[in-house]
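These notes concern the structure reproduced below.
The values are calculated or read from the model by the stated rules, or taken from the named source; none is laboratory data. Keep in mind that what you see is a predicted model, and the values were worked out from it rather than measured. Ideal geometry is used to build each Cβ from the backbone, glycine not excepted, and the neighbour counts take in all protein chains shown.
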Amino acid sequence: MATKKIAAKSVAASVTPVHALPSYLDSEHLGPWGIYLKQIDRVTPYLGSLARWVETLKRPKRALIVDVPIEMDNGTIAHFEGYRVQHNVSRGPGKGGVRFHQDVTLSEVMALAAWMSVKNAAVNVPYGGAKGGVRVDPRLLSRSELERLTRRYTSEIGIIIGPNKDIPAPDVNTNEQVMAWMMDTYSMNVGATASGVVTGKPVDIGGSLGRREATGRGVFTIATEAAAQIGLSVEGARVAVQGFGNVGGTAGKLFSEAGALVVAVQDHTGAVSNDKGLDVPKLLEHVAKTGGVAGFKGSESISTAEFWGCKCDILIPAALEGQLTKDNAGQVKAKMVIEGANGPTTPEADDILQDKGVLVVPDVIANAGGVTVSYFEWVQDFSSFFWSEDEINQRLIKIMKDAFAAVWQTAQQHKVSLRTATFIVACTRILHARELRGLYP
Ligand code: GLU
């Protein structure tokens, strides 16, 4: 009898959180993870009985910090810090990109991994969420140093990734070549070609047609759907894009092909504008040749502040997080902001934009096209049967449109922002899976 009583008592104690969260998990901690936690707090009242499980979203399932030592071309040894975070795997294996950037931190990768859980659930692909990164400025590395860094990082995180466990992909400053090295390194370590371990690979080694353009195509599709809801025609619309790489460049191209005017573009080299619309194909050539938009003929150079305040209908931040802030959000003249980047709008900026009546379509739906085609790539790799580009684009557009419709309807129903609506749809799916699977043991 006495034993039973003690057991009951310890069960009661175990459901009460006795330890304060470590500071990097604290919602007062500024930075991407703190922002993510606030987003979860905002959605919790809409989760009904599933709110019981919400704590699971407030901490990553698994986070790995790795040391990445490489020999530099000059013979010295350099050490870089790398991360792979698996936020949630209730709906399937972890999935999300790897970024190489000098500002990468654990907090940032944790938030990006969590946003992948939300994004993957929002478009209903059977994945959890994960993300990786190395704190390095890849522009300072030679090609062979970059290859050694990629291979050593892959080998270090090899203990937690795999085609059925966690599947990396490109993100900021990583590309098809980096994915090829990752796939090769993992394959060498397991002794068999494992093409499904990463997505965003070159087409010749199991990559998918349409993957490179997928995020930009998704941004364009979502922007078109959102524009229709507010009675804005894409044809003739004025568009401003921040970041003219894989995402912003492709979206800009699709907008200009659809008859929109891309009036301003900003990147790490500067900002350019043309009131009558920039020649997008020529601008893409210029960027490929010079590495940025600065100095583009047929444009006038503008300041970053002028870029945010430019006369446009659709503003697409497609670079890094934390770009639209309380300092520039007040200047925005656009009717809609479509988040091509992950986390480009701070919560203060989000509120300012909402007060101004600007429709913000959040990253977790707007840029989900990339991971959607990553999912197609993974499926193709498993079946060793490859689809046509047309089939891929059609399927992508359908998934994006259906996901946007569900989010729009949820936003109307609860009278909430599209960000909160996307979190409602996604977190409900994640926590429902969590509940169905139950706790182990
Ligand atoms: N890095 C992209 C993202 O943030 C794609 C991730 C993937 O394809 O797994 O959505």
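Inspect segment 30-47 for any residue being away from the ligand (no atom under 13 Å from the Cβ), among the β-branched types (Val, Ile, Thr) and assigned to a loop (DSSP other than H, G, I, E, B) and give the result as yes or no. No: segment 30-47 contains no residue that is away from the ligand (no atom under 13 Å from the Cβ), among the β-branched types (Val, Ile, Thr) and assigned to a loop (DSSP other than H, G, I, E, B). The set of residues in segment 124-156 that are part of a helix (DSSP H, G or I), touching a helix residue (DSSP H, G or I) at 6+ places or on another chain (Cβ under 7 Å) and of a type outside the set (Lys, Arg) comprises Pro138, Leu146, Glu147, Thr150, Thr154, Ser155. All conditions but one from (1) closer than 30 Å to Gly34 by Cβ; (2) modelled with pLDDT under 95 apply to Ala271; the one that does not is (2).
The helices (runs of 4 or more DSSP H) found entirely in segment 335-441 that carry 1 or more residues being in contact with a helix residue (DSSP H, G or I) (Cβ under 8 Å, 6 or more places away or on another chain) and closer than 30 Å to Met179 by Cα are 363-366, 369-383, 389-414, 418-437. Those strands (runs of 3 or more DSSP E) of segment 61-107 in which 1 or more residues are over 21 Å from Arg139 (Cβ atoms) and of a type outside the set (Gly, Ala, Ser) occupy 62-71, 77-88. If a residue must be within 29 Å of Asn175 (Cβ to Cβ), in a helix (DSSP H, G or I) and at pLDDT 95 or above, how many such residues does segment 222-260 contain? Residues in segment 222-260 being within 29 Å of Asn175 (Cβ to Cβ), in a helix (DSSP H, G or I) and at pLDDT 95 or above: 16 in total.
Every listed requirement among (1) assigned to a helix (DSSP H, G or I); (2) without any contact (Cβ under 8 Å) to a residue 40 or more places away in the chain; (3) buried (at least 19 other Cβ atoms within 10 Å of the Cβ) is met by Val287 save one, (2). Taking into account only those residues within segment 195-216 that are touching a residue at least 60 places away in the same chain (Cβ under 8 Å) and part of a helix (DSSP H, G or I), which is farthest from the ligand (Cβ to nearest atom)? Top of the filtered list is Ser195. The condition (being buried (at least 23 other Cβ atoms within 10 Å of the Cβ) and in a strand (DSSP E or B)) is satisfied by just one residue among Val219, Val272, Val293: Val272.
Taking residues in segment 167-194 that are more than 24 Å from Pro126 (Cα to Cα) and away from the ligand (no atom under 16 Å from the Cβ), and partners anywhere that are in a loop (DSSP other than H, G, I, E, B) and of a type in the set (Ser, Thr, Tyr), the pairs with Cβ atoms closer than 9 Å and at least 6 places apart or on different chains are Asp184/Thr193. Residues that are under 22 Å from Ala223 (Cβ atoms), touching a residue at least 40 places away in the same chain (Cβ under 8 Å) and in contact with a Ser or Thr (Cβ under 7 Å, 6 or more places away or on another chain) do occur in segment 291-310, at least one of them. Against the condition surrounded by fewer than 24 Cβ atoms within 10 Å (Cβ to Cβ) and within 16 Å of the ligand (Cβ to nearest atom), how does Leu320 come out, does it pass? Taking the combined requirement at face value, the residue satisfies it. Residues of segment 86-97 that are within 13 Å of the ligand (Cβ to nearest atom) and crowded, with 24+ Cβ neighbours inside 10 Å: Gln86, His87, Gly94, Lys95, Gly96, Gly97.
Restricting to segment 157-166, name every residue that is within 14 Å of the ligand (Cβ to nearest atom) and in a loop (DSSP other than H, G, I, E, B). Scanning segment 157-166 gives Ile161, Pro163, Lys165.
Looking at this structure, is Asp363 within 16 Å of the ligand (Cβ to nearest atom) and more than 19 Å from the chain's Cα centre (by Cα)? Answer is no for this residue. Only one of Lys282, Lys289, Lys297, Lys333 is more than 27 Å from Glu213 (Cα to Cα) and of a type in the set (Lys, Arg). Can you tell me which? One residue alone meets the criteria, Lys333.
Evaluate segment 382-391: report whether one residue or more is within 17 Å of the chain's Cα centre (by Cα), within 16 Å of the ligand (Cβ to nearest atom) and aromatic (Phe, Trp, Tyr). No, segment 382-391 contains no residue that is within 17 Å of the chain's Cα centre (by Cα), within 16 Å of the ligand (Cβ to nearest atom) and aromatic (Phe, Trp, Tyr). Any residue that is within 16 Å of the ligand (Cβ to nearest atom) and either among the polar types (S, T, N, Q) or touching a Cys at 6+ places or on another chain (Cβ under 9 Å) (or both) - is there at least one of those in segment 55-77? No, because not a single residue in segment 55-77 is within 16 Å of the ligand (Cβ to nearest atom) and either among the polar types (S, T, N, Q) or touching a Cys at 6+ places or on another chain (Cβ under 9 Å) (or both).
If you check Arg52 against the conditions, is it of a type in the set (Lys, Arg), closer than 21 Å to Pro126 by Cα and either over 18 Å from the mean Cα position of the chain (by Cα) or exposed (fewer than 14 other Cβ atoms within 10 Å of the Cβ) (or both)? Against the criterion (of a type in the set (Lys, Arg), closer than 21 Å to Pro126 by Cα and either over 18 Å from the mean Cα position of the chain (by Cα) or exposed (fewer than 14 other Cβ atoms within 10 Å of the Cβ) (or both)), Arg52 does not qualify. State whether one or more residues within segment 100-108 are within 12 Å of the ligand (Cβ to nearest atom), closer than 18 Å to Pro60 by Cα and touching a Phe, Trp or Tyr at 6+ places or on another chain (Cβ under 7 Å). No, segment 100-108 contains no residue that is within 12 Å of the ligand (Cβ to nearest atom), closer than 18 Å to Pro60 by Cα and touching a Phe, Trp or Tyr at 6+ places or on another chain (Cβ under 7 Å).
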